[in-house]
Amino acid sequence: MAEIICVIGNKGGTGKTTLSHMLAQGLGLLGHRSACVLTDTSREPLSPEGRRYITADARTREALAKVVDKLRSLQDWIGVIDGGGNRTEMDRRLYALSDIVLLPFRESHEDIRTVVRDLEMFPRAYAVPTQWPTNSWQRDAADRNVAQLMGAYRHRILNPVCAVSASKVLLQKKLPEQMPTGLANACRAFARQVLEVMEIDHVEPVAQAEDDEVDQVGGRLSAADMPMRLQASRRSH
């Protein structure tokens, strides 16, 4: 049965979609079979070509239910659901069906205040500092703000995901043939961190036989079946 990770949070602009794709890409690079599930109606589905994960269009209630049911029927898969922002009721629904919840937030006081409220609302959730500064002075200032304002929740705060300008590549309709090395490393590092929290061991890259099995459950299925789209190729990055 698949594990379900939901990336949610009331505030928009915290990088939920980027983080969801980074996590799914990182899981794929580490050899895990994963799906990135779109639920935000303001976004369009992305091409699966060149990605290390499948993509699923679940922008309706019915489609989401089918995608989750299908994932739950698959052994050793991980579903990453991009919850979008400013949707409290949807957040509650996704929280109820998830195994782990991630709450991205940026370094602003507004983001921190919002994520604290979300941590109180969702006791199984972990906060994820995203787009974190790489400049040492700015990083120290951001870390101090978190320590002062979120000290009570320090055991539920993951290591920061630093700003990687190339991360926007993952939100392109179609990925370039070569992924930037820095982005691939960031995706792997974040995925390892989440796997540790979930107590899931690292696995070797997917074997060809398993790829054939994926083709039978993924591919370009219709919305009546499961709106998932399997990547056309599996390139090493």
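For segment 137-156, how many residues are in contact with a strand residue (DSSP E or B) (Cβ under 7 Å, 6 or more places away or on another chain) and either open to solvent by 40 Å² or more (accessible area, probe 1.4 Å) or of a type in the set (Phe, Trp, Tyr) (or both)? Don't jump to the end; show me each part of the working.
Step one: list which residues in segment 137-156 are in contact with a strand residue (DSSP E or B) (Cβ under 7 Å, 6 or more places away or on another chain), which gives 139, 142, 146, 150, 153, 156.
Right, trim to either open to solvent by 40 Å² or more (accessible area, probe 1.4 Å) or of a type in the set (Phe, Trp, Tyr) (or both) and you get 139, 153.
So the answer is 2.
Give me the pairs, please: first residue somewhere in segment 135-158 and at negative phi, second residue anywhere and open to solvent by less than 80 Å² (accessible area, probe 1.4 Å) and assigned to a helix (DSSP H, G or I), beta-carbon distance under 6 Å, and either six or more positions apart or on two chains.
The qualifying pairs are LEU149/ILE112; TYR153/LEU119; LEU158/GLN193.
Please go through segment 40-87 and give me each residue that is open to solvent by less than 20 Å² (accessible area, probe 1.4 Å) and among the polar types (S, T, N, Q), ordered by number.
THR55
Tell me yes or no: at least one residue of segment 25-43 is without any contact (Cβ under 8 Å) to a residue 40 or more places away in the chain and more than 26 Å from THR181 (Cα to Cα).
No, that holds for no residue.
May I ask you to list the residues in segment 16-39 that are among the hydroxyl-bearing types (Ser, Thr, Tyr) and surrounded by fewer than 24 Cβ atoms within 10 Å (Cβ to Cβ)? Break it down stepwise before answering.
Filtering segment 16-39 down to residues among the hydroxyl-bearing types (Ser, Thr, Tyr) leaves 17-18, 20, 34, 39.
If the condition is that a residue be among the hydroxyl-bearing types (Ser, Thr, Tyr) and surrounded by fewer than 24 Cβ atoms within 10 Å (Cβ to Cβ), then THR17, THR18 are the ones that fit.
Residue-wise test of (1) under 23 Å from ARG188 (Cα atoms); (2) touching a Phe, Trp or Tyr at 6+ places or on another chain (Cβ under 6 Å); (3) not hydroxyl-bearing (Ser, Thr, Tyr).
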residue	(1), (2), (3)
THR39	no, no, no
SER42	no, no, no
LEU46	yes, no, yes
ILE54	yes, no, yes
ARG87	no, no, yes
GLU107	yes, no, yes
THR114	no, no, no
ARG117	no, no, yes
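Consider ASP76 carefully, then state whether it is within 23 Å of LEU27 (Cβ to Cβ) and not basic (Lys, Arg).
Working: within 23 Å of LEU27 (Cβ to Cβ): yes; not basic (Lys, Arg): yes.
The answer is yes for ASP76.
Can you pull out the residues in segment 20-42 that are under 16 Å from ARG192 (Cα atoms) and part of a loop (DSSP other than H, G, I, E, B)? Before you say what the answer is, go through the steps one by one.
Here is the first cut: in segment 20-42, the ones under 16 Å from ARG192 (Cα atoms) are 20-34.
Correct list: LEU30, GLY31, HIS32.
From (1) surrounded by fewer than 18 Cβ atoms within 10 Å (Cβ to Cβ); (2) not in a loop (DSSP other than H, G, I, E, B), pick out the condition that doesn't hold for ASN159.
Looking at each condition in turn, ASN159 falls short on (2).
Yes/no per residue for (1) under 30 Å from ALA141 (Cβ atoms); (2) outside any loop (DSSP other than H, G, I, E, B); (3) over 14 Å from the mean Cα position of the chain (by Cα); (4) not basic (Lys, Arg):
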{"position": "THR18", "(1), (2), (3), (4)": "yes, yes, no, yes"}
{"position": "GLU44", "(1), (2), (3), (4)": "no, no, yes, yes"}
{"position": "ILE81", "(1), (2), (3), (4)": "no, yes, no, yes"}
{"position": "LEU102", "(1), (2), (3), (4)": "yes, yes, no, yes"}
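Just need a number here: residues in segment 162-175 that are open to solvent by 50 Å² or more (accessible area, probe 1.4 Å) and more than 18 Å from GLY15 (Cα to Cα).
So the first thing to find is which residues in segment 162-175 are open to solvent by 50 Å² or more (accessible area, probe 1.4 Å), and the list is 165, 168, 171-174.
So of that shortlist, the ones also more than 18 Å from GLY15 (Cα to Cα) come out as 174.
Residues in segment 162-175 being open to solvent by 50 Å² or more (accessible area, probe 1.4 Å) and more than 18 Å from GLY15 (Cα to Cα): 1 in total.
Against the condition touching a residue at least 12 places away in the same chain (Cβ under 8 Å), open to solvent by less than 10 Å² (accessible area, probe 1.4 Å) and not in a helix (DSSP H, G or I), how does GLY13 come out, does it pass? Write out each step before concluding.
Numbers: touching a residue at least 12 places away in the same chain (Cβ under 8 Å): yes; open to solvent by less than 10 Å² (accessible area, probe 1.4 Å): no; not in a helix (DSSP H, G or I): yes.
No.
The values are calculated or read from the model by the stated rules, or taken from the named source; none is laboratory data. If you're wondering where the values come from, they're calculated on a predicted model, not measured in any experiment. All Cβ positions, even for glycine, are placed from backbone atoms using ideal geometry, and neighbour counts span all protein chains on display. Areas reflect the complete protein model, heavy atoms only, side chains present, ligands, DNA and RNA absent. Shrake-Rupley method; radii C 1.70, N 1.55, O 1.52, S 1.80 Å.
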